[in-house]
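The values are calculated or read from the model by the stated rules, or taken from the named source; none is laboratory data. Keep in mind that this is a model prediction, so the values were computed, not measured. Don't worry about glycine lacking a Cβ; one is built from the backbone with ideal geometry, like all the others, and counts go over all protein chains shown.
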Amino acid sequence: MKKSSFVALIMGTVSGVLFALGMCMALLPEWDAFTEGIIFGSVGLVLGIVTLITWCIMEKKKLPKMNVKTVLLIIYSVVAVLILGVGMCFCLVWSNIIPGTLLGLLGIIMLIALIPMIKGIK
């Protein structure tokens with residue numbers, strides 16, 4: 001594993017955990033930590049952007065161009081992750097196992113479909 005990939009892996013994991021923890025803190029009323037959750041989530045987002053920039057610098061690559069295809073892929077991936085998360089909420093919070101499992105599987109399939117959308121089929 002190259003050093004740039006390892007650094008991106010560690011930084012990406014930390015940013016993802018901070019963002020997820022922040023969203024849990026902000027959105028779960030039982031935790032009563034909305035303000036702290038917004039701070040944690042924002043730090044996670046910023047660290048994710050720093051991770052991308054750091055990886056591009058270490059790999060001596062340019063930042064990805066923001067064109068219509070990139071924006072649509074980002075929107076698609078956000079929708080896929082939200083569908084997966086709603087499926088998990090159905091199962092774990094609202095005790096609706098069958099619809100939750102179906103929604104979760106749909107979200108996973110949508111996320112797997114990102115690979116050929118981005119890389120293409122050769």
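Scan THR101, THR35 and give me the residue that is surrounded by 13 or more Cβ atoms within 10 Å (Cβ to Cβ), out of contact with any Asp or Glu (no Cβ under 6 Å at 6 or more places or on another chain), farther than 18 Å from GLY16 by Cα and of a type in the set (Val, Ile, Thr).
Being surrounded by 13 or more Cβ atoms within 10 Å (Cβ to Cβ), out of contact with any Asp or Glu (no Cβ under 6 Å at 6 or more places or on another chain), farther than 18 Å from GLY16 by Cα and of a type in the set (Val, Ile, Thr) holds for just one of THR101, THR35, which is THR101.
Any residue at all in segment 113-122 that's modelled with pLDDT of 90 or more and basic (Lys, Arg)?
no
Tally time: how many residues in segment 72-96 are surrounded by 12 or more Cβ atoms within 10 Å (Cβ to Cβ) and not in a helix (DSSP H, G or I)?
So the count comes out to 1.
Out of segment 1-23, which residues are more than 14 Å from the chain's Cα centre (by Cα) and assigned to a helix (DSSP H, G or I)?
Result: LYS3, SER4, SER5, PHE6, VAL7, ALA8, ILE10.
Within segment 24-43, can one find any residue that is hydroxyl-bearing (Ser, Thr, Tyr) and either in contact (Cβ under 8 Å) with a residue 12 or more places away in the chain or under 18 Å from LEU106 (Cβ atoms) (or both)?
Yes, segment 24-43 contains at least one residue that is hydroxyl-bearing (Ser, Thr, Tyr) and either in contact (Cβ under 8 Å) with a residue 12 or more places away in the chain or under 18 Å from LEU106 (Cβ atoms) (or both).
Table: residues versus (1) more than 13 Å from the chain's Cα centre (by Cα); (2) in the same structural domain as ALA8 (by TED's automatic domain parsing); (3) not aliphatic (A, V, I, L, M).
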position: TRP31; (1), (2), (3): yes, yes, yes
position: PHE34; (1), (2), (3): yes, yes, yes
position: ILE39; (1), (2), (3): yes, yes, no
position: LEU72; (1), (2), (3): yes, no, no
position: TYR76; (1), (2), (3): no, no, yes
position: VAL79; (1), (2), (3): no, no, no
position: GLY100; (1), (2), (3): yes, no, yes
